[in-house]
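Q: Encoded as structure tokens, here's the structure I'll be asking about.
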Amino acid sequence: MVTVAVNRGRPGGVRCKICGLKTPADVEAAAAAGAGYIGLVFFPRSPRHLEIAQARDLALAAPVGLAKVALVVDADDAALEAITDAVPLDMLQLHGRESPARVAAVKARFGLPVMKAVGVAEAADLAAIADYEAVADQILIDAKAPKGAALPGGNGLAFDWRLIAGRVWQRPWMLAGGLTPENVRDAVRLTGARQVDVSSGVESAPGVKEATRIAAFVAAAQG
């Protein structure tokens, strides 16, 4: 069990999600930095993929107040049952091509809040957000993966943040895609995001988190 002091940042400040954690040290680093969420990836093609037993250990290591999010990509009910039966979670993140109907069905069946990722490359992509707002608890606005990409996210790519500057949505939303300790403050300033998500931007290699970069990211986002 991680036994570090957890600092969630200033009241009303930016909440950070550190995604793709693989070791207890990663969880400790995220908690110590003051992250609000950790992301556990269940997608075999990802270098951040976890087996269920690994994910359970990490979730149990997380201190109270650090929300545990399972990232899945077009997972069927059997896969979701296996994950949710074994891993104590606070949220499901649907990061594939799940339809609004599928999002609603997952939420109803598994009784957990659902975050739906929406990929953005141009202004027309924002229209899908309204459809998902009706059924999801949160929206993750991410850079759209390039055509033919092996991963739907975690590619270290950003979109033009000016596309969402000044936008207001009915549901809580989180900004993702190409964020780093070096650019997250500008991203928050430009978009008005109150929640941000990072994965590759705090790594020394794919799937290898760096505690100093996690701390720097959270500090920059909340600064």
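Q: Calculate, in nm to one decimal, what residue 165 and residue 183 gain on full extension: separation in residues at 0.36 nm each, minus their alpha carbon distance. Display every interim value, and only then the final one.
A: Working: separation 18, 0.36 × 18 = 6.48 nm, distance 1.55 nm.
Contour length minus the Cα-Cα distance gives 4.9 nm.
Q: Pull up all non-local amide H partners of residue 144: gap of 5 or more, or a different chain, and H-to-H distance under 5 Å with H placed in the peptide plane.
A: Placed amide hydrogens put 120, 121 under 5 Å from residue 144.
Q: With the cut-off at 21 Å, report for the chain the share of all Cα pairs above it, as a whole percent.
A: Values: 12488 of 24753 pairs.
The calculated P(r) of the chain puts 50 percent of pairs beyond 21 Å.
Q: Right, here's the next one. Please report, for the Cα atoms of segment 48-136, the Rg to one decimal and the Dmax as a whole number; what are they, in angstrom?
A: Calculated on Cα positions, Rg and Dmax stand at 13.9, 41 Å.
Q: How far apart, in nanometres, would the label points at residue 23 and residue 82 be if each is projected 7 angstrom from Cα along the Cα-to-Cβ direction?
A: For the pair residue 23/residue 82, the computed spacing is 2.6 nm.
Q: On alpha-carbon atoms, Rg over Rh for segment 154-223 using Kirkwood Rh? Display every interim value, and only then the final one.
A: Details: Rg = 12.1 Å, Rh = 12.4 Å.
Here the Rg-to-Rh quotient is 0.97.
Q: Mind checking which of 164, 206, 61 is farthest towards the positive end of the chain's charge dipole, using Cβ charges of +1 (Lys, Arg) and -1 (Asp, Glu) about the Cα centre?
A: Ranked along the dipole, the leading option is 164.
Q: Skipping prolines and chain starts, which residues have an amide H placed within reach, meaning under 5 Å, of the one on residue 93, given they are 5 or more residues away or on another chain?
A: Hits under the 5 Å cutoff: 70, 71, 72, 115.
Q: Another question, if that's okay. Among the helices of the chain (complete DSSP H runs), which have Cα atoms covering no less than 24 Å along the helix axis and a Kyte-Doolittle mean of at least -1.0?
A: Numbers: long enough: none.
Span-like helices here: none at all.
Q: What accessible area per residue, rounded to a whole number of Å², is obtained for segment 15-222 using a probe radius of 1.4 Å?
A: Numbers: 8580 Å² over 208 residues.
On a per-residue basis, 41 Å².
Q: Quick check: at a probe of 1.4 Å, how many percent of the accessible area of segment 15-222 sits on carbon and sulfur atoms?
A: On the way: 4620 of 8580 Å².
Looking at segment 15-222 in its full context, I get 54 percent from C and S.
Q: I want to check a number: in the chain, how many lysine pairs have alpha carbons closer than 19 Å, given a sequence separation of 8 or more or different chains?
A: For the chain, qualifying lysine pairs total 11.
Q: Peptides 26-38, 85-97: what's the order by average Cβ count within 10 Å, highest mean first?
A: Top to bottom by mean Cβ count within 10 Å: 26-38, 85-97.
The values are calculated or read from the model by the stated rules, or taken from the named source; none is laboratory data. Small disclaimer: the values here were computed from a predicted structure and weren't measured. Backbone-built Cβ (ideal geometry, glycine too); neighbour counts: all protein chains shown. Just the protein is used for accessible areas: all its heavy atoms, side chains included, with ligands, DNA and RNA removed. Shrake-Rupley method; radii C 1.70, N 1.55, O 1.52, S 1.80 Å.
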